[in-house]
Amino acid sequence: MRPAPAVLWTGFAAIAVLAGCDTTPPSPPTGPMSFFVTSVGMGDGGNLGGLAGADGHCQKLAAAAGAGSRTWRAYLSTSFIPPSTAAVHARDRIGKGPWFNAKGVMVARDVEQLHGTNNLTKATALTEAGAVPNGRTETPNMHDALTGSRPDGTAYPSFPGQPNMTCGEWTKNSGAGVHAMVGHIDRASPDATGSPWGVSWNSSHLTVSCSKEDLPKSGGAGLFYCFAAN
C-alpha cells in the first residue's frame, strides 16, 4: 500500500531535520531604501516643475536621507492628447524593483506586484526619514499622493471637455480647470464599505484644483511617491 501524502511529508520533514536542513520558511527580503513618500511637497500646489522638477525633489530628499547615490524618479504620469501627444506612464519610470521603504521592508517585488497585491499600507508607506504621513483620521489629513495615474500605473487620455488629471503635466498651480488624480497613502476609504477607489494607493479621486490652497481640501499636501529606478 502506498503511504498517504501526509505520511510522506512527515517523513521528508524528519529526514530534513536529521540532515540539518532548516525547513522554516524564509523571512521576507530586506534591502536599502528604494521607495518613499515625500516628507514635504514642493510648495507650489500641483506645479512641480514638470517631471524633471518632481524627480529632482525626490533626488534631493533621498540625498538628505543618505540615499542620493541612486537615481530617483517620481511616480507620476502625464496625460496625452491622441494622436499627437505621447503619454508618460508612471509605471514605466520607476525601474524593475524590488522596492524597500526606509526601514528595509519590501513594499513590492516588481512592477506587476506593485500594481497588484503589494505591501503598501499606512505602516509601510513611509517618508524618506522613516515617518508615517498623517492619514485620514489625523489632523491635518495628508493622505493624498499626486499620481495622475490609473490603477495600473498608466496615464489618462486627455480629451476636450474632460478634466485634466495631471495639473497641466505638473506645471500648473491654478484653481480652475485643472486637477490631479491622487491615491491614498494610508489606503483608507472615507466610508465603512472599503470602496475600491477609497483604498487605492495610486488612483482614488481628483483634487479640487491644483492650487496650494485647494490641495488640502481633499486631504493632500502635494506629496508624491518616489522610487529608485536602479
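The values are calculated or read from the model by the stated rules, or taken from the named source; none is laboratory data. Source: prediction; values computed, not measured. Please note: Cβ atoms are built from the backbone with ideal geometry, for glycine as well, and neighbour counts cover all protein chains shown.
At-a-glance table
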read-out: Any hit, region 166-178, residues being touching a His at 6+ places or on another chain (Cβ under 9 Å) and not small (G, A, S); value: yes
read-out: Filtered residues of region 98-120 (kept if of a type outside the set (A, V, I, L, M) and farther than 19 Å from H184 by Cβ); value: P98, F100, K103, G104, R109, D110, E112
read-out: Residue in region 74-90 that is surrounded by fewer than 17 Cβ atoms within 10 Å (Cβ to Cβ) and either under 23 Å from K122 (Cα atoms) or modelled with pLDDT of 95 or more (or both) present; value: no
read-out: Residue in region 165-184 that is surrounded by the most Cβ atoms within 10 Å (Cβ to Cβ), counting only those that are more than 11 Å from T147 (Cα to Cα) and of a type in the set (A, V, I, L, M, F, W, C); value: V178
read-out: Whichever residue in region 123-170 is small (G, A, S) and outside any loop (DSSP other than H, G, I, E, B) and, among such residues, is nearest to L76 (Cα to Cα); value: S149
read-out: From G161, G198, G130, residue being surrounded by fewer than 24 Cβ atoms within 10 Å (Cβ to Cβ), farther than 25 Å from L51 by Cβ and free of Cβ contacts under 8 Å to residues at least 12 places away in the same chain; value: G161
read-out: Among (1) under 18 Å from E138 (Cα atoms); (2) surrounded by 18 or more Cβ atoms within 10 Å (Cβ to Cβ), the one test that Y225 misses; value: (1)
read-out: Number of the exception - W99 against (1) surrounded by 20 or more Cβ atoms within 10 Å (Cβ to Cβ); (2) under 20 Å from G222 (Cα atoms); value: (2)
read-out: Residues of region 182-206 satisfying the condition of being out of contact with any Lys or Arg (no Cβ under 8 Å at 6 or more places or on another chain) and outside any loop (DSSP other than H, G, I, E, B); value: V182, G183, H205, L206
